[in-house]
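Everything on this sheet refers to the single structure shown next.
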Amino acid sequence: MALGKRKPEQQGLWVTTTELPKSPGHPFYQKLNELLAEAKFDKWIEERCQPYYAATLGRPSIPPGVYFRMILVGYFEGIASQRGIAWRCSDSRSLAEFLGIPINERTPDHSTLSRVHGRLPQEVHEEVFVFVLKIAADKKLLHGKTVAVDSTTLEANAAMKSIERKDTGEDWKAYLTRLAQDEGIENPTDEDLRRFDKKRTGKKVSNDDWESPTDPDSRIAKMKDGTTHLAYKAEHVVDLGSDFVLSATITPANQSDAETLIDSVAQAQLNLDTAGSEATIEEAAADKGYHKASTLELADDLDIRTYIPEPKRRYRYRWIDKSAGQQEAVYANRRRMRGDRGKRLQRQRSELTERSFAHVCETGGARRTLLRGQEAVTKRYLIQVAARNLGLILRKLFGVGTARSMQGLGGLFWVLYLAVDALWSRCSAHRATQGEIC
């Protein structure tokens, strides 16, 4: 065999499409496409998005199925930005095949993704999320009787240095300069301001006084690592019987957990009903941050048994100014938490809810949002959670839930299995149409 030498790149004037190299495709994305094709996703989403496009004017946009598939790629590849997703899809022939882009056409760029993201409303993204739940319901994978609720914080696409006071419109530097001048420091430099800010007391920053001009929907909050950022709150309702996320909501970061518990569980039940599942949520487990007498009373009125541990208190409850229903709900929740089932559900809750956040926020790249506004963040986050549910469906059906899980010796087995399965499917289809034997 002779030694091959790399030649300077020289593009030909004409290249036929039959001479272009074709990717064999990624087995995981092939299975995902088969699952979406079986559910007739593309036909459904094109009909659903038709009202948001002109009938005859303008050039045709990218198909909605391509847009949503690119967001799925962002989750499975762990890419947070739309620019990064567009680059990854253009760089990979197997991903272009997953999107359905011919080899002689370019994949959509990031600006196209941004336009489609802004054009399609939040309702469409919510329906896509429910569509994935419907696939799970048709496969008899949903349980839905017992759920777990938990929340986490997402870092907003805005800096703390950009916040302004609501009353005066001052930014942080102007605010510090005014305080320093009041203390007798004339014309303070940046070093003087840093030294003054470090020594002064009462440095609390309240959402009542400060806001971000670039992202007014974000709120000042403490993150999981103890740092303070502008953030949103993401809340999951997870089915403890199947591990599917039944509801994913984005709310302001300063909204307490107890205020959103019932709304999230009600949204999960609505998603189950819309997906065609006959399951009814009867039990809800959460951590002690969700414990509130009025919330427990409302859950009891809705026939939802709660399993929420009580936080440690210095004093006992005073029931004089509270209704009898709140007292009964608190005591009933306390009795349930003392039993073995309550302790078991708490262990399941901590495992499954934290796992869902780890998949979506850490490996899925959603911990820091790169969009601004609660609606824009909600639309992107819903599809990322839907991608997580799709991966769970594939894991339950085929044993592989992500493209990256096929790395290593264990992944090699599943690659071979899925490749043989795909080859056998194509061979069977060819035999049915041509009457040949493979």
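The values are calculated or read from the model by the stated rules, or taken from the named source; none is laboratory data. Bear in mind that the values here come from a model prediction, so they are computed numbers and not experimental data. Neighbour counts run over all protein chains shown; Cβ positions are idealised from the backbone, glycine included. Ligands, DNA and RNA are excluded from the accessible area calculation, which covers all protein heavy atoms including side chains. Shrake-Rupley method; radii C 1.70, N 1.55, O 1.52, S 1.80 Å.
Miscellaneous remarks
- Count - residues of the range 272-305 that are within 13 Å of Glu259 (Cβ to Cβ), open to solvent by 40 Å² or more (accessible area, probe 1.4 Å) and in a loop (DSSP other than H, G, I, E, B): 1
- Scanning the range 272-315 for residues that are closer than 30 Å to Asp138 by Cα and of a type in the set (A, V, I, L, M, F, W, C) turns up Leu272, Ala275, Ala279, Ile281, Ala284, Ala285, Ala286, Ala299, Leu302, Ile304.
- Among the residues of the range 344-384, those that are open to solvent by 10 Å² or more (accessible area, probe 1.4 Å), outside any helix (DSSP H, G or I) and either over 19 Å from Asn254 (Cβ atoms) or touching a Ser or Thr at 6+ places or on another chain (Cβ under 8 Å) (or both) comprise Gly365, Leu370, Leu371, Arg372.
- Checking each residue in the range 56-76 for being open to solvent by less than 30 Å² (accessible area, probe 1.4 Å), among the β-branched types (Val, Ile, Thr) and either within 14 Å of Phe41 (Cα to Cα) or without any contact (Cβ under 8 Å) to a residue 40 or more places away in the chain (or both) picks out Val66, Val73.
- Residue match in the range 113-130 (condition: assigned to a loop (DSSP other than H, G, I, E, B) and more than 24 Å from Leu35 (Cα to Cα)): yes
- Flag if Ile308 is among the hydrophobic types (A, V, I, L, M, F, W, C), in contact with a His (Cβ under 7 Å, 6 or more places away or on another chain) and open to solvent by less than 100 Å² (accessible area, probe 1.4 Å): yes
- From Ala258, Ala253, residue being touching a residue at least 12 places away in the same chain (Cβ under 8 Å) and touching a strand residue (DSSP E or B) at 6+ places or on another chain (Cβ under 9 Å): Ala253
- When Ala156 is tested against (1) over 30 Å from Trp44 (Cβ atoms); (2) surrounded by fewer than 18 Cβ atoms within 10 Å (Cβ to Cβ), exactly one condition is not met: (2).
- With respect to the conditions (1) over 16 Å from Ala248 (Cα atoms); (2) of a type in the set (Lys, Arg); (3) surrounded by 22 or more Cβ atoms within 10 Å (Cβ to Cβ), Arg341 falls short on a single one, namely (3).
- Hey, Ala279 over 19 Å from the mean Cα position of the chain (by Cα) and closer than 26 Å to Gly401 by Cβ or not: yes
- Against the conditions (1) assigned to a helix (DSSP H, G or I); (2) touching a residue at least 60 places away in the same chain (Cβ under 8 Å); (3) open to solvent by 20 Å² or more (accessible area, probe 1.4 Å), Trp87 satisfies every one except (2).
- Glu235 passes every criterion in (1) farther than 30 Å from Asp273 by Cβ; (2) under 20 Å from the mean Cα position of the chain (by Cα) apart from (1).
- Selection over the range 187-212 of residues that are in contact with a helix residue (DSSP H, G or I) (Cβ under 9 Å, 6 or more places away or on another chain), assigned to a loop (DSSP other than H, G, I, E, B) and open to solvent by 70 Å² or more (accessible area, probe 1.4 Å) gives a count of 2.
- Residues that are open to solvent by less than 10 Å² (accessible area, probe 1.4 Å) and modelled with pLDDT of 90 or more were ranked within the range 393-403; the one that is nearest to Asp239 (Cα to Cα) is Ile393.
- Any hit, the range 125-143, residues being among the small types (Gly, Ala, Ser), in contact with a strand residue (DSSP E or B) (Cβ under 9 Å, 6 or more places away or on another chain), over 30 Å from Gly84 (Cβ atoms) and at pLDDT 85 or above: no
- Residue count for the range 41-55, restricted to those that are closer than 24 Å to Glu97 by Cβ and open to solvent by 70 Å² or more (accessible area, probe 1.4 Å): 3
- Ile262 being in a helix (DSSP H, G or I), open to solvent by less than 50 Å² (accessible area, probe 1.4 Å) and among the hydrophobic types (A, V, I, L, M, F, W, C): yes
- In the condition set (1) more than 19 Å from Arg355 (Cα to Cα); (2) in contact (Cβ under 8 Å) with a residue 60 or more places away in the chain; (3) among the hydroxyl-bearing types (Ser, Thr, Tyr); (4) buried (at least 17 other Cβ atoms within 10 Å of the Cβ), Ser242 is compliant with all but (1).
- The residues on offer are Lys145, Lys173, and the sole one that is touching a residue at least 24 places away in the same chain (Cβ under 8 Å), open to solvent by 40 Å² or more (accessible area, probe 1.4 Å) and over 21 Å from Val360 (Cβ atoms) is Lys145.
- For first residues located in the range 298-323 and farther than 21 Å from Ser264 by Cα, partners that are at pLDDT 85 or above and surrounded by fewer than 17 Cβ atoms within 10 Å (Cβ to Cβ) and lie 6+ apart or on another chain with Cβ distances below 9 Å form the pairs Pro311/Lys288; Pro311/Gly289; Lys312/Lys288; Tyr317/Gln327; Trp319/Gln327; Lys322/Ser294; Ser323/Ser294.
- The residues listed here are Ile79, Ile103; of these, the one that is open to solvent by 20 Å² or more (accessible area, probe 1.4 Å) and more than 22 Å from Asn389 (Cα to Cα) is Ile103.
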